[in-house]
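See below for the structure under consideration.
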Amino acid sequence: MKALPSVSTLKKVSFALLAIALTFSVASDSTAQPNQQLTSLLIKVKTGITLNYVVQGNPNGPVIVLLHGAGDSWHSYDRVFPLIPPSYRVYAITLRGHGLSDHPAVGFLRTDFAADILDFLDQLHIHHATLVGHSLGSFVAQTVAEEDTDHIDRLVLIGSGPGFQPNHSATDEIKSAFSGLQDPIPYTFARDFQASTIYGSVPASFYETLVSEAQRVPASTWHGLGSDFFGNDSFDDLKKIHVPTLVLWGEKDNFFKKEDQDVLVKTLPHGVLKVYPETGHALHWEQPEKFASDLLGFIAKANPSAR
């Protein structure tokens with residue numbers, strides 16, 4: 001799950017994960033490029049959920065599948081799409097309860113999200129893919145990789161951890177904050193929620209999109225994430241992941257700490273950690289060029305023919 005902001009305007013809750021001050025500044029998006037290659041599509045998976053996703057690149061190229069964090073959508077990777085060569089086939093999926101995907105009233109266990117993604121991979125006949133997940137999406141990606149048999153060759157986890165245990169310092173605060181939300185989602189919550197994941201700077205137009213996407217997520221989804229998503233974690237399940245795994249972590253992450261990364265990498269059979277100095281929880285927002293370079297380098301190392 002993503003780090004949470006102070007939501008004192010919603011209820012009197014204090015978040016330890018915002019103990020350090022937010023120091024990011026919103027920059028102008030003078031270098032942003034339109035995502036002209038992106039195509040937006042819908043697919044109904046066997047769970048009954050209709051998912052929105054975008055695709056770009058060579059249909060026969062190496063496959064990258066991108067999953068976003070809580071309160072986001074495929075727009076989470078807007079700054080990354082232009083940096084991936086057209087020789088790759090890229091899919092970015094909006095998870096259930098978010099964006100233009102279906103917003104069910106229930107069904108927010110990790111296994112619910114993972115079932116959607118596994119059927120997506122089946123229907124599109126995707127094999128040998130690199131699965132990338134940020135925050136919420138990283139835990140979905142973990143579960144997909146634990147259950148997968150022939151779709152995933154590599155795993156990339158951004159702003160992740162080994163799981164949410166009952167004694168995790170922020171779990172109760174998250175549950176309490178999410179349970180108190182009502183529709184329509186207040187702008188102040190969406191604004192501060194997204195700001196809490198950033199340490200450096202991001203383009204202004206990109207940040208505005210992120211805030212809008214967080215407001216699009218209904219209260220039922222936030223409630224479901226708070227009540228259901230924490231209930232089925234097991235460190236031992238990570239040992240089922242036998243594909244090479246790249247763990248990317250920003251050292252200014254307000255939510256997951258270095259010790260979380262150490263446990264994660266130690267538990268994964270084939271995990272390696274790369275730290276982004278002076279970077280927050282959503283490192284692909286702040287440093288898309290570095291992230292894209294690390295992602296493509298990881299793919300090329302595991303598959304020298306990919307380029």
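The values are calculated or read from the model by the stated rules, or taken from the named source; none is laboratory data. What you see is a predicted model, and the numbers here were worked out from it, not measured in a lab. Accessible surface areas use protein heavy atoms only, side chains included; no ligands, DNA or RNA. Shrake-Rupley method; radii C 1.70, N 1.55, O 1.52, S 1.80 Å.
In segment 37-172, Cα pairs under 8 Å separated by at least six residues give a relative contact order of 24 percent.
The spacing between segment 192-207 and segment 45-124, judged by their C-alpha centroids, is 22 Å. Pairs with C-alpha atoms separated by more than 24 Å, drawn from the list LYS46/LYS266; LYS252/LYS274; LYS240/LYS301, are LYS46/LYS266. Probing with 1.4 Å while keeping every protein chain in the model, the per residue accessible area of segment 92-168 equals 28 Å².
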